[in-house]
1. Which of the trypsin sites (Lys or Arg not before Pro) across the range 137-206 are loop residues per DSSP, with 13 or fewer other Cβ within 10 Å?
2. Set the Förster distance to 30 Å, then compute FRET efficiency between K185 and K351 from the Cβ-Cβ distance, nearest 0.05.
3. In square angstrom, rounded to the nearest 10, how much accessible surface does S257 have for a 1.4 Å probe?
4. Excluding A75 itself, calculate the net charge of residues whose Cβ lies under 12 Å from the Cβ of A75, where each Lys or Arg counts +1 and each Asp or Glu counts -1.
5. Tell me the trypsin sites (Lys or Arg not before Pro) within the range 279-359 that lie in a loop according to DSSP and have at most 15 other beta-carbon atoms within 10 Å.
6. Cross-link list K88/K330; K34/K149; K34/K88; K174/K345: which exceed 26 angstrom alpha carbon to alpha carbon?
7. Whole angstrom only: what separates the Cα centroid of the range 176-250 from the Cα centroid of the range 21-97?
8. Starting from 0.36 nm per residue, how many nanometres of slack lie between E246 and H127 once their C-alpha separation is accounted for?
Amino acid sequence: MNEQKLPHGARILIVRLSAIGDVLHSTAVVHNLKRLVPDCHVTWLVSPPASILLENNPDIDRLLVWDRRTFDKAAQHLDLRTVRQTLKEAAVLLHQYEFDIALDIQGLFLSGILTRMSRAPRRIGIHERHEGNFLFMTEMAPDIPERHKIRRYMTALAPLGIGPEDFEPGLVLKLPDAYEGFAEKFFADKAVTLHDPQRPLLLVNTRTTWPDKNWPPEFFGRALANLPENIQIVFTGAPSDQVYIERAQQEMGGRASLSIAGQTSLLELAAIFRESDLLLTGDTGPLYIAEAVGLPTLSLWGPTHPGIYGPLTKGHHFILSPNKCTACCKTKCRRRTNACMNAIKPGTVTKALLGLLYH
């Protein structure tokens with residue numbers, strides 16, 4: 001750690017509104033800050049639904065929740081009246097408190113506006129692809145060649161004397177005590193057993209928020225169909241994922257499985273993750289929830305890359321598409337083929353799953 005550039009008891013605002021994976025990535029920044037400067041006071045401005053993942057975080061002294069979804073919808077429809085009203089509500093929320101330093105680790109034009117609203121005399125931004133954010137900052141963190149998002153977020157601490165050599169990887173998601181025993185109760189009448197070496201529990205998340213990060217549901221089914229019957233397969237996801245899960249199940253040739261899509265909240269899902277053996281997923285929020293609660297994962301990658309977004313802690317395994325068109329980081333395939341995800345063969349995934357479940 002370099003010479004500390006923080007006043008005693010510094011009041012620090014973190015601005016990272018969304019999304020689930022990125023908010024969990026940012027918990028690593030705050031955890032390292034609190035670990036190295038325990039007397040600082042951290043406030044975090046966040047938006048639902050990711051806000052629920054921070055409510056019990058021991059590194060956060062104050063959580064401010066502002067719903068950006070209303071702003072985004074109004075901006076999309078050019079509803080300037082609602083845009084102004086939502087920004088006014090954010091200002092009222094922020095102006096209740098005083099901050100010495102604000103760290104914008106989202107890098108958007110919107111997060112820049114909110115950071116400026118904080119009235120913190122020091123406002124530190126990070127180098128991201130988004131234009132205009134720097135206009136609201138008093139200083140910018142150093143740019144680095146490192147691609148991984150967490151390490152790039154960590155640069156926000158460099159002006160405070162915390163360098164890359166101080167970084168310890170790991171995400172933070174602490175569940176309230178009320179979730180102890182939730183998984184056991186949830187599965188009590190579903191013929192699913194926990195912590196049984198003879199019947200490992202494999203969770204499967206079939207969908208992501210980006211269309212081109214999705215592996216075909218039929219491929220999921222073919223990969224799972226050849227697993228031994230003693231492996232318990234449980235599909236997770238949102239209610240809208242059920243149609244894709246059913247398509248995967250149709251490819252499994254009658255092989256037993258269970259879907260709990262839409263039956264849990266994010267924290268309930270995290271409680272189930274904590275008691276399971278392995279998660280098969282794409283690059284999406286549940287991957288990072290799994291990392292935060294200690295569930296090993298096998299994740300599938302095409303338009304994004306584990307070297308940019310993947311877990312940095314042990315116990316996580318990746319299958320990267322062999323297609324030459326990978327890591328474009330586009331939300332929709334420009335060629336409209338999803339060739340990168342389609343190039344991952346079900347047999348490759350089956351073999352990897354067997355190796356991890358029977359290592």
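The values are calculated or read from the model by the stated rules, or taken from the named source; none is laboratory data. All of these numbers come straight from a predicted model, not from anything done at the bench. Positions of Cβ are backbone-derived with ideal geometry, glycine not excepted, and every protein chain shown enters the neighbour counts. Only protein heavy atoms, including side chains, enter the accessible area calculation; ligands, DNA and RNA are left aside. Shrake-Rupley method; radii C 1.70, N 1.55, O 1.52, S 1.80 Å.
1. Answer in residue order: R147, K190.
2. Efficiency, rounded to the nearest 0.05: 0.30.
3. 40
4. Summing Lys and Arg as +1 and Asp and Glu as -1 gives +3.
5. K314, K324, K330, K332, R334, R335, R336
6. K88/K330; K34/K88; K174/K345
7. After rounding, the separation between the Cα centres reads 31 Å.
8. Working: separation 119, 0.36 × 119 = 42.84 nm, distance 4.22 nm.
Separation in residues times 0.36 nm, less the Cα-Cα distance, equals 38.6 nm.
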